[in-house]
1. From the phi of every residue in the stretch 50-67, what ³J(HN,Hα) in whole Hz does the Karplus formula 6.51 cos²θ - 1.76 cosθ + 1.60 yield, where θ is phi - 60° and glycine or proline is x?
2. Taking only pairs that are 8 or more places apart or on different chains, how many Lys pairs in the chain have Cα atoms under 29 angstrom apart?
3. Output the peptides 94-101, 73-80, 27-34 sorted from most to least packed, where packing is the average of other Cβ atoms within 10 Å over each peptide's residues.
4. Which order do peptides 116-122, 105-111 fall in by mean Cβ count within 10 Å, highest first?
5. Roughly how many nanometres apart are two label points built 7 Å out from the Cα toward the Cβ at Thr71 and Asp136?
6. Classify the stretch 31-109: rounded, prolate or oblate, from the alpha-carbon gyration tensor (a ≥ b ≥ c, eigenvalue square roots; a/c under 1.5 rounded; otherwise prolate if a/b is larger than b/c)?
7. Taking each pair of distinct Cα atoms in the chain once, what is the resulting Kirkwood hydrodynamic radius in Å?
8. Could you tell me what % of all Cα pairs in the stretch 63-153 have separations over 14 Å?
Amino acid sequence: MDQYQQLVDTALKTVDEIFPWDLEEEIESTPELILLDIRETDEFKTMHIKNSLHVPRGVLEGACVWNYDDTVPKLAEARDQNIVVICRSGNRSALAAQTMQMMGFENVRSLKMGIKGWNDNDLEMIDSQQNIVDIDDADEWLNRAVPESKLAP
């Protein structure tokens, strides 16, 4: 097992996950739920779950507290709110949720399987223009990977 997966597995010892279909139900029944998408800006603009709050992983810690350039008030005041962290596959979100727990967030979970799992279950996403994203186009975009053969010698 590689070191990245070891970090994720360690995080998941303290971070609860929620399945996409359960999150869909929770979104409908819990209006105060914060959907925190931590993917990079281009990923978020291409597709995201409607009403998600976008805070890229690289600025998450500063966004979670007051008095930083990156502070996001809705997040900084949400230490006891119900938050689901979202990424592409559920790995970055597990690590981010663990970090948020260490920062005092009490009810933070990770979306199991991430946006990929959301899309695999035919759940709706929108782009930055609020257009519904085609499921097949999303699937193609989400399943891109950098093969080992692309690495420099």
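Just so it is clear, none of the values below were taken in a lab; they were calculated from the coordinates. Only a predicted model underlies this, so the values are computations on that prediction, with no experimental measurement involved. Cβ placement follows ideal geometry from the backbone for every residue including glycine, while neighbour counts extend to all protein chains displayed.
1. 3, 6, 6, 8, 9, 9, x, 3, x, 10, 4, 4, x, 5, 7, 10, 7, 6
2. Number of lysine pairs found: 15.
3. Top of the packing list down: 94-101, 73-80, 27-34.
4. Descending mean neighbour count gives 105-111, 116-122.
5. 4.9 nm
6. Details: a/c = 1.41, a/b = 1.28, b/c = 1.10.
Rounded, because the longest to shortest axis ratio a/c is under 1.5.
7. With all distinct Cα pairs of the chain included, I get 16.0 Å.
8. Cα-Cα pairs of the stretch 63-153 separated by over 14 Å account for 73 percent.
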